[in-house]
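**Q** Okay, handing you the structure first.
Laboratory data are not the source of any read-out in this text; all were calculated from the coordinates shown. What you see is a predicted model; the values in this text were computed from it and never measured. Quick reminder, even Gly has a Cβ in these numbers, built from the backbone with ideal geometry, and neighbours come from all protein chains shown.
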């Protein structure tokens, strides 16, 4: 039998006000309950208003860790992925969200951390240190990171170039990267519309990619970005099944 090992929470040293805006945050009982409730409400809404259809779940690993990447055109994207992933992963699933949008105020930061279980990503400064902390968490805690590598919502619904941060996160790490294509979110809730409108929404997961042997420096990051962009495009071209 393996000896019991005590490991303190990553955010134990943080003040209460700092936890919601830190990449080291771990969900407490309140956060875990709020996240599960949000997932249930989102799943019900997406099924009723958007006839959410999910295909390719067999490509997900049996257990975390993993990184799920997808195209990004709408605020529906994170809710759809959170609803589609296995319920048993709920507490360990962290969408990586723009710190300057979802964590810009205490109220928004509290909602993003409690309800979405999101972790902030600074798109302009301090990327190396934050990404290293995220890499450490992936392997040590068996997390699921949901990432939109384009960095922002596409205004035209077209897949745009991925950012190098994805390569910095997974190059040389023994963590599968699962590509996903989200179809219909741009029609239902584009970035220039205040509220969503009903319409079909589909998710399709593709075969996982592995970058264990990729060098963790710029050349390797670029290789990761190229391979992942092609993988998401390939899932798109395979189509999204409808019931």
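**Q** Run the numbers on the range 94-182 and let me know its relative contact order in percent, using alpha-carbon pairs under 8 Å that are six or more apart.
**A** Averaging sequence separation for qualifying contacts and normalising by length gives 28 percent for the range 94-182.
**Q** Next up: Using the number of other C-beta atoms within 10 angstrom as an exposure proxy, rank 136, 156, 77 with the fewest first.
**A** So the residues, fewest neighbours to most, are 156, 136, 77.
**Q** Sticking with this structure for a sec: Treat the count of other C-beta atoms within 10 Å as a stand-in for reagent exposure and order 81, 169, 209 from fewest to most.
**A** So the residues, fewest neighbours to most, are 209, 81, 169.
**Q** With an 8 Å cut-off on Cα pairs and a minimum separation of 6 or more residues, tell me the relative contact order of the range 29-238 in percent.
**A** Values: 389 pairs, mean separation 62.1, N = 210.
Reported as a whole number, the value is 30 percent.
**Q** To continue, here is another question. Based on the mean of other Cβ atoms within 10 Å per residue, sort peptides 189-201, 219-231 so the most packed one is first.
**A** Details: 189-201: 14.0, 219-231: 17.8.
Answer by packing, highest mean first, reads 219-231, 189-201.
**Q** Scale the Cα Rg of the range 154-243 by the rule-of-thumb value 2.2 N^0.38 Å and send over the ratio, two decimals.
**A** 1.25
**Q** Cα centroids of the range 186-202 and the range 73-146: how far apart, whole angstrom?
**A** Cα centroid of the range 186-202 versus Cα centroid of the range 73-146: 22 Å apart.
**Q** Classify the range 136-176: rounded, prolate or oblate, from the alpha-carbon gyration tensor (a ≥ b ≥ c, eigenvalue square roots; a/c under 1.5 rounded; otherwise prolate if a/b is larger than b/c)?
**A** It is prolate, given that a/c is not under 1.5 and a/b is the larger ratio.
**Q** Can you give the relative contact order of the range 22-130 as a percent, counting alpha carbon pairs under 8 Å and 6+ residues apart?
**A** 40 percent
**Q** Here is a further query. May I ask what percent, to the nearest 5, of DSSP beta bridges between residues of the range 29-238 are antiparallel? Intermediate values should be presented prior to the final figure.
**A** Numbers: 5 of 22 bridges.
Here the share of antiparallel DSSP bridges comes out near 25 percent.
**Q** Divide, for the chain, the radius of gyration over alpha carbons by 2.2 N^0.38 Å, where N is the residue count.
**A** Compared with the compact-globule rule of thumb, the chain sits at 0.97.
**Q** Compute the Cα gyration tensor for the range 24-67, then decide on rounded, prolate or oblate, letting a ≥ b ≥ c be the square roots of its eigenvalues: rounded whenever a/c is under 1.5, prolate when a/b is larger than b/c in the other cases, and oblate in all that remain.
**A** oblate
**Q** List the equivalent ellipsoid semi-axes of the range 48-183 in whole Å, largest first, each obtained as the square root of 5λ for an eigenvalue λ of the Cα gyration tensor.
**A** 20, 19, 16
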